[in-house]
Structure formats: structure tokens, C-alpha cells
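Shown next, in C-alpha cells, is the structure this report addresses.
The values are calculated or read from the model by the stated rules, or taken from the named source; none is laboratory data. A quick note: this is a predicted structure, and the numbers were derived from the prediction, not measured. Counting neighbours? That spans all protein chains shown, and the Cβs are built from the backbone with ideal geometry, glycine included.
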Amino acid sequence: MQQSTTNAVQGGFFGHPRGLSTLFFTEFWERFSYYGLRAILLLFMTSSATQSGLEFDTTTAGFIFGTYTSLAYLANLPGGWIADKLIGQSRAVLYGGILISLGNLLLAFHGLPFLFGGLLLVIFGTGLLKPNVSAMVGSLYSPDESARRDAGFSIFYVGINGGAFTAPLIVGFFGEKINWHWGFLASSIGMALGVVWYLLQSKYVAHVGEVSTASKETMPQNRRQFLIAIAGFFGAILALAIIHTSGIFVFTIDSVRTALNFAYLLIPVVFFANIFLGNKLTLVEKKRFVVIGIFFLMATIFWGSFEQAATTLTLFARDFTDRMIGSTEIPVSFFQSVNAMFIITLAPVFAVLWMKLGKKQPSSPAKLSLGLILVGAGFLVLATASSGATLQNKVTPLWLVVVYLLHTLGELCLSPVGLSNVTKLAPQRYVGQAMGIWFLGTSLGNYLAGQAAGFTQQFPMAQVFFLVFCIASGTGLAVMFVVKPIRNLMGGVE
């Protein structure tokens with residue numbers, strides 16, 4: 001309590017500890033880098049060689065994109081463990097930022113080794129930085145500062161969306177108007193600025209983010225586990241490389257996709273089987289884990305739809321949207337700033353709305369189902385727009401603005417509510433694992449969003465969009481009809 005109060009007095013940040021400004025701008029630049037890369041990566045991979053692109057077909061580019069974004073979220077799990085057990089959150093944030101900047105710098109060079117090497121570094125860096133910078137924000141406050149901590153996270157959330165809003169405008173401009181590799185360089189410089197800021201302001205977070213005493217006592221064992229895992233990882237890569245080059249089995253995009261599909265199906269099955277069969281759970285706890293499973297499925301479908309902003313929606317903006325204002329053409333990537341703009345504008349409105357409604361507000365399962373219905377409705381709008389659009393007869397950008405508005409409303413209904421409820425539903429001894437499965441839903445959703453791009457190469461866009469509408473809104477409506485039984489399974493948690 002004393003430390004946070006002292007920080008607040010000595011040059012506080014909007015009445016909060018000064019360390020919040022350190023983490024606010026670090027996260028701003030991390031999200032700037034992530035959303036900048038996200039805005040132009042698919043466009044870069046599918047553009048022609050004359051435009052310095054890789055000339056990948058949409059299916060291949062979508063698979064690579066979806067795999068990258070899904071692994072970036074999945075890396076949060078080992079990233080959190082490394083921070084907790086080995087290096088502390090403060091060093092994890094620093095090392096993560098450096099890896100992200102170096103990864104984007106590699107992408108500024110042309111060639112497949114630079115593409116895959118750069119994406120791999122960004123994945124590792126995101127896994128280290130993303131979960132731990134948020135944890136450090138919470139550590140700035142003492143346990144009895146709950147309201148102040150919530151307000152601090154609200155300010156921090158503005159930084160996240162500020163980076164997400166700014167990145168497509170700057171990185172997208174450099175990438176589309178000058179050269180794709182200039183865009184990646186801009187993303188690298190942005191994260192480098194975040195690292196420099198973090199180092200210059202590190203004294204304000206020096207008291208948080210260190211390895212706990214308990215973890216220090218088991219450090220040798222933790223280090224051995226880490227080294228074994230790293231050796232196993234690189235050993236597996238080496239073995240696969242030898243198998244591939246020897247001709248015993250030649251890996252293709254299709255074979256890798258099949259393996260990943262199986263892995264993503266197997267991981268949640270193993271998780272829930274371990275929870276129910278390998279642990280002594282009370283009947284109430286088992287029922288709540290059933291609800292967590294339902295929420296996981298809903299999150300997967302939601303993010304699999306929502307994250308198509310960087311895949312199918314980007315392709316629609318590029319090919320079928322009239323982006324001319326007079327003699328000036330709007331870069332495709334600019335549209336990815338619309339969601340962040342709506343989030344910044346509408347998040348406070350939703351916060352006030354839920355407070356005003358009080359006990360009259362919809363239940364948590366109803367909010368999640370409403371989120372799915374809204375994101376599906378966005379794809380119904382897209383299906384309508386694309387049904388009459390051609391390369392010669394393009395549609396107004398307002399269609400996409402309406403889609404992003406519906407998707408933002410859906411996000412505000414589902415994302416914070418689902419995150420909060422998972423922490424409340426899981427028994428205290430399983431909170432970390434439950435959060436892991438929630439973020440696995442985000443990871444899997446990103447993977448599915450990447451695969452969706454390939455379907456637009458095989459089927460008309462209107463059909464693809466209508467199918468997404470049926471899956472997302474159909475699931476949302478189905479859950480609406482069983483909200484009461486789900487609430488009964490939650491055992492009083494709201």
C-alpha cells in the first residue's frame with residue numbers, strides 16, 4: 001500500500017502509480033507492433049513480386065497467417081511460466097520487447113527465411129511480454145485497492161486500443177504506399193521505442209515483477225525443466241528437418257495443416273479429460289467446469305469470426321470495396337483501425353450501461369450469446385454486400401464500417417464478461433489452467449480465422465460470409481434457449 005501511494009504522489013499518472021505510465025506506453029508500442037504486422041502480413045504474402053510480395057495463394061497465406069497469430073496467443077502460456085519460475089515478469093517484458101522488435105526487423109528483409117524467422121521471434125517475444133505486462137499492472141496496487149486497480153486497468157486498456165488504432169494507419173501507409181518491408185521496419189521501430197521507454201522508466205516498476213521467494217527456492221529444478229523443454233523443442237525441429245530432407249516423409253502445407261488441426265482438437269480434449277478424470281472435484285466444481293467448456297467453445301467460434309478482420313475482411317476491402325476518395329485511394333489496412341476506434345468510444349458506454357442496469361442486466365451466458373449473435377450479424381451484412389459486388393462494381397466502405405460496429409458491440413458483450421467469469425467459475429487451485437483454456441479459445445479462433453481466407457479462394461465470398469453468419473449467430477441463438485440450465489450449472493456465480 002505504501003509503495004503504490006508513494007509512487008502516486010511522486011509524479012503519479014492520472015492519480016495512479018507512476019509505474020502505470022511505464023507499462024501503459026510499453027503496451028501501447030507492443031500492440032502497435034502486433035496490429036501493424038497483423039494489418040499488412042496477409043496483403044504482403046498475397047501481393048505480386050513486382051510489389052515486393054511473396055505471391056502466395058490465399059489458402060497458403062491464410063494458413064501461415066492463422067498459424068502465426070494462434071501461436072502468438074498460445075505462447076502466453078509458457079511465457080507466463082518462464083516469468084514466474086525463471087526470470088521474473090520485469091525481465092520477461094524487456095526480453096519480449098527486444099525479440100518482437102528483432103522479429104519485425106527480420107521481416108524488413110526479403111525472403112522466406114526472414115519471413116519464418118521473423119514470425120518465430122515475434123511469437124516468442126509476444127509470449128514473454130503480453131501476459132506479464134498485464135500482471136505487472138495488477139502488482140502496482142495492494143490487495144485492498146480493488147476499485148483503484150480496476151480503474152488502472154481501464155486506463156491500461158486505452159493504451160492497448162490506442163496502439164491497435166494507430167498501427168494500421170502508420171504501418172499500413174508505409175507498407176502499402178511505399179514498400180511492404182518499410183511497413184515491417186516501422187513496426188520494428190515502434191517496438192524498439194517501447195523497449196527504450198521501458199528501460200528509461202524502469203525505476204517506477206522496479207518493485208514489481210520479480211521472481212517469488214518460493215520460485216527462487218526451486219530455481220535449479222525450474223531451470224532444468226526449461227532446458228529440457230528447449231532441447232526437446234529444437235530436437236523435434238531438427239528431427240523433422242532430417243526426415244524432410246532425407247525424403248522419408250516430405251512435409252507439405254497440407255500435411256502440416258492436418259497435424260495442427262489434430263493438435264488443436266486434441267489439446268482441449270486432453271485438458272478437460274485431465275480436469276475431470278485426474279482430479280478430485282466436487283459436484284459443483286464439475287458443473288462449473290462444464291460451463292467453462294461451453295464458454296471455451298463460444299469464445300473459439302467468436303474469435304474465429306471476429307479475427308477475420310485481418311483475413312477475409314481484408315481481402316473484401318482490397319478486392320470489392322471502393323476505396324477512392326476523389327483521386328486518393330484509402331489503404332486497405334486502414335480499415336483495421338475502425339474496431340479500435342469503436343472500442344475506445346463505446347467501452348465506457350457499456351461500462352455505464354451495465355452499472356445502470358444493475359440486477360436487470362442480462363446474465364453472463366446471455367451476454368456471451370449476444371456477442372456471438374452480433375458478430376454473426378456482421379457477416380450477414382457482409383454476405384449481403386458481397387452478393388452484388390464485383391471487381392468492376394465495388395461497394396461503399398460504409399458496409400465495412402457497419403460490420404466493424406456490430407463486431408465491436410459483440411466484443412464488448414463477450415470478451416470482458418467471459419474473461420471475468422472464467423476466473424470466478426474455476427476453483428482457486430485451477431484458475432491458471434482455466435485461464436489457459438480461455439486463451440486457447442482465442443488462439444484456436446485466430447487459427448480458424450486464417451483458414452477461412454482459403455475458403456474464399458474455393459467459394460464465392462457471399463457463401464463463406466453466410467456460412468460464418470449461420471455458425472456464429474446460430475450458436476448464439478442456441479445458447480439463448482439454454483441460458484437458464486447454464487446458469488444453474490454455474491452454482492450462483494454471475
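Values as computed for the structure displayed
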| item | result |
| --- | --- |
| Selection within region 325-350 - surrounded by fewer than 17 Cβ atoms within 10 Å (Cβ to Cβ) and over 22 Å from the mean Cα position of the chain (by Cα) | I325, G326, S327, T328, E329, I330, V349 |
| Filtered residue count, region 67-100, keeping only those that are aromatic (F, W, Y) and touching a Ser or Thr at 6+ places or on another chain (Cβ under 6 Å) | 1 |
| Subset of region 16-63 [surrounded by 19 or more Cβ atoms within 10 Å (Cβ to Cβ), more than 22 Å from G103 (Cα to Cα) and among the charged types (D, E, K, R)] | R18 |
| Pair list, Cβ under 9 Å, 6 or more apart: region 414-441 residue of a type in the set (S, T, Y), other residue not in a helix (DSSP H, G or I) | Y430/N279; Y430/L281 |
| Entirely in region 1-118, the helices (runs of 4 or more DSSP H) that have 3 or more residues that are touching a Pro at 6+ places or on another chain (Cβ under 6 Å) | 2-9, 76-82 |
| Region 184-203 - residue that is of a type in the set (S, T, Y) and crowded, with 20+ Cβ neighbours inside 10 Å and, of those, farthest from G117 (Cα to Cα) | Y198 |
| L297 vs. criteria in contact (Cβ under 8 Å) with a residue 24 or more places away in the chain and crowded, with 16+ Cβ neighbours inside 10 Å | no |
| Residues satisfying the stated conditions in region 466-475, i.e. surrounded by 18 or more Cβ atoms within 10 Å (Cβ to Cβ) and under 22 Å from R257 (Cα atoms) | V468 |
| From the options S369, S386, S363, residue that is touching a residue at least 60 places away in the same chain (Cβ under 8 Å), small (G, A, S), touching an Asp or Glu at 6+ places or on another chain (Cβ under 7 Å) and assigned by TED's automatic domain parsing to the domain that holds V338 | S363 |
| Qualifying position, being within 30 Å of A449 (Cβ to Cβ) and not aliphatic (A, V, I, L, M), among F251, F226 | F251 |
| Tally of residues being among the aliphatic types (A, V, I, L, M), surrounded by fewer than 16 Cβ atoms within 10 Å (Cβ to Cβ) and in contact with a strand residue (DSSP E or B) (Cβ under 9 Å, 6 or more places away or on another chain) across region 388-414 | 0 |
